[in-house]
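The values are calculated or read from the model by the stated rules, or taken from the named source; none is laboratory data. Fair warning: this is a prediction, and the values are worked out from it, not measured in the lab. Note: ideal-geometry Cβ built from the backbone for every residue, glycine included; neighbour counts use all protein chains shown.
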Amino acid sequence: MSILSIIFTTLVAIEFIYIMFIQTIQTHSKNTSRIFKIPEGVLNNKFTATLMKNQGIYNGIIGILLLYGTFIAPHPKEIVIPVLIYAIVVAIYGALTSQKSIIIKQGLLPIITLIILII
């Protein structure tokens, strides 16, 4: 992997680990409410908080897999490319079912990174 692809893949990993952080650690915060456009009262609901935390774990695993693929795996692209495709599909699904802006907020960086890796 080139230095540029390593940088971009690391940025995507950080993005997804940050999403995990706000979904699992800061579940009830004003920041989480603002980012996901979910009223704080709804985030304080135990059922909703559990769903957010579960979703956060999935996002964290995306970040961890990208870091593993980039820095540890013997064949980085074999790990990183499928995980990036998965992240893009998740962003597309989120844009279709939740907020259209998710494709930009959560999908743009993985799309750019995938293009860099393929080129």
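For the stretch 72-119, residues that are of a type outside the set (A, V, I, L, M), assigned to a helix (DSSP H, G or I) and over 21 Å from Ile19 (Cα atoms) total 3. Here the condition is being modelled with pLDDT of 95 or more and part of a helix (DSSP H, G or I); of Ile6, Ile35, it holds for Ile6 alone. The condition (being more than 14 Å from the chain's Cα centre (by Cα), surrounded by 14 or more Cβ atoms within 10 Å (Cβ to Cβ), within 15 Å of Gly63 (Cα to Cα) and not aromatic (Phe, Trp, Tyr)) is satisfied by just one residue among Ile116, Ile88, Ile79: Ile79. Confirm whether Gln106 is in contact (Cβ under 8 Å) with a residue 24 or more places away in the chain and surrounded by fewer than 20 Cβ atoms within 10 Å (Cβ to Cβ). Judged against the criteria, Gln106 is not a match. Candidates in the stretch 55-72 are the residues that are exposed (fewer than 14 other Cβ atoms within 10 Å of the Cβ) and over 13 Å from the mean Cα position of the chain (by Cα); of these, the one that is nearest to Ile7 (Cα to Cα) is Phe71. When the stretch 1-29 is filtered for residues that are hydrophobic (A, V, I, L, M, F, W, C), over 16 Å from the mean Cα position of the chain (by Cα) and surrounded by 15 or more Cβ atoms within 10 Å (Cβ to Cβ), the ones remaining, listed by number, are Met1, Ile6.
Each residue in the stretch 9-30 was checked for being over 20 Å from Gly107 (Cα atoms) and either assigned to a helix (DSSP H, G or I) or among the acidic types (Asp, Glu) (or both), and 2 of them qualify. Just to be sure I understand, how many residues within the stretch 39-48 are surrounded by 15 or more Cβ atoms within 10 Å (Cβ to Cβ) and either of a type in the set (Asp, Glu) or within 18 Å of the chain's Cα centre (by Cα) (or both)? Matching residues across the stretch 39-48 total 0. Scanning the stretch 38-51 for residues that are in a helix (DSSP H, G or I) and either closer than 19 Å to Ile103 by Cα or in contact with a Cys (Cβ under 8 Å, 6 or more places away or on another chain) (or both) turns up nothing.
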